[in-house]
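Just below is one structure, and these are the notes that go with it.
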Amino acid sequence: MESTSQEIIAQALGGSNEAIRFLVVQNQAFAYSVAYRFLGNSEDAEDIVQEAFIRLWKNLHKYNPEVKLTTWLYRIIANLCLDFLKSAYGRQRKNTVDVHPAVHHSIGSDELIQSNELNRWIQEAASGLTPKQKAVFILRDLEDLSVEEVCGILSMSAGNVKSNLYYARKQMSEKLKKYYQTSDKIRTI
């Protein structure tokens, strides 16, 4: 299916199951990545992604073509993740971090172990952030979105984004320093 995003969305609005399927397939990996970074648990991330695509499908008629579809999907995923983290179940689950089985064909097993360990530490460190700080940190630093995009996704002012990002980075820096100090001691033994 070779069409522009707007044409695909128009086809999906017209009832094309192929167009809807294309939108899901095209955005599934990035949606899972964002949800996993928020939640640190693959099962919860999969549930959020499934719910996000259901909401996207049900609300596609509300889509504003002036906004990139991925920005709109980020907003849906971020809101679902924030709601999940605020829920009692989410607060209980956020302390259970699983190591996501990433597939890296170009790196050796030692590097893969270190990468998984670092991902686990990042998830643990991020679990101590407030939901807004975590959202800003994930979207800005891990997903590499611009401040303007983060503002649009989270409905925050640039000042609020920058403030939350400052405190998130500060807290993450302190926690990750402990990781590197611990891991350096382990490697030198």
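The values are calculated or read from the model by the stated rules, or taken from the named source; none is laboratory data. This structure is a prediction, so every number in the text was calculated from the model and none was measured. With ideal geometry, Cβ positions are generated from the backbone for all residues, glycine too; neighbour counts draw on all protein chains shown. Remember, those area values only see protein heavy atoms, side chains included, never the ligands or the DNA or RNA. Shrake-Rupley method; radii C 1.70, N 1.55, O 1.52, S 1.80 Å.
In the stretch 133-154, which residue that is in contact (Cβ under 8 Å) with a residue 12 or more places away in the chain and part of a loop (DSSP other than H, G, I, E, B) is most open to solvent (accessible area, probe 1.4 Å)? Let's see the steps before the verdict.
Here is the first cut: in the stretch 133-154, the ones in contact (Cβ under 8 Å) with a residue 12 or more places away in the chain are 133-143, 145, 147, 149-150, 152-154.
Pick out the ones that are also part of a loop (DSSP other than H, G, I, E, B) and you get 143, 145.
On the way: Glu143: 34, Leu145: 17 Å².
Restricting to residues being in contact (Cβ under 8 Å) with a residue 12 or more places away in the chain and part of a loop (DSSP other than H, G, I, E, B), the top hit is Glu143.
Anything in the stretch 16-25 that is over 11 Å from Phe53 (Cβ atoms) and surrounded by 14 or more Cβ atoms within 10 Å (Cβ to Cβ)? List them, or say none.
Ser16, Ala19, Phe22
Can you tell me which of (1) open to solvent by 20 Å² or more (accessible area, probe 1.4 Å); (2) within 18 Å of Ile153 (Cα to Cα); (3) at pLDDT below 90; (4) part of a helix (DSSP H, G or I) is the one Glu7 doesn't meet?
Every listed condition holds for Glu7 apart from (2).
Yes/no per residue for (1) among the hydrophobic types (A, V, I, L, M, F, W, C); (2) part of a loop (DSSP other than H, G, I, E, B):
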{"position": "Ala31", "(1), (2)": "yes, no"}
{"position": "Ala52", "(1), (2)": "yes, no"}
{"position": "His61", "(1), (2)": "no, no"}
{"position": "Val67", "(1), (2)": "yes, yes"}
{"position": "Trp72", "(1), (2)": "yes, no"}
{"position": "Arg75", "(1), (2)": "no, no"}
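Of these, Ala29, Ala19, Ala10, Ala35, which one is of a type in the set (Gly, Ala, Ser), without any contact (Cβ under 8 Å) to a residue 40 or more places away in the chain and under 22 Å from Arg140 (Cα atoms)? Step through it out loud before you land on a result.
Working: Ala19 fails: under 22 Å from Arg140 (Cα atoms); Ala10 fails: under 22 Å from Arg140 (Cα atoms); Ala35 fails: without any contact (Cβ under 8 Å) to a residue 40 or more places away in the chain.
Just one listed residue meets the conditions, Ala29.
Could we say that Ile54 is out of contact with any His (no Cβ under 9 Å at 6 or more places or on another chain), among the β-branched types (Val, Ile, Thr), exposed (fewer than 14 other Cβ atoms within 10 Å of the Cβ) and modelled with pLDDT of 90 or more here? Lay out the reasoning, then the answer.
Details: out of contact with any His (no Cβ under 9 Å at 6 or more places or on another chain): yes; among the β-branched types (Val, Ile, Thr): yes; exposed (fewer than 14 other Cβ atoms within 10 Å of the Cβ): yes; modelled with pLDDT of 90 or more: yes.
Answer is yes for this residue.
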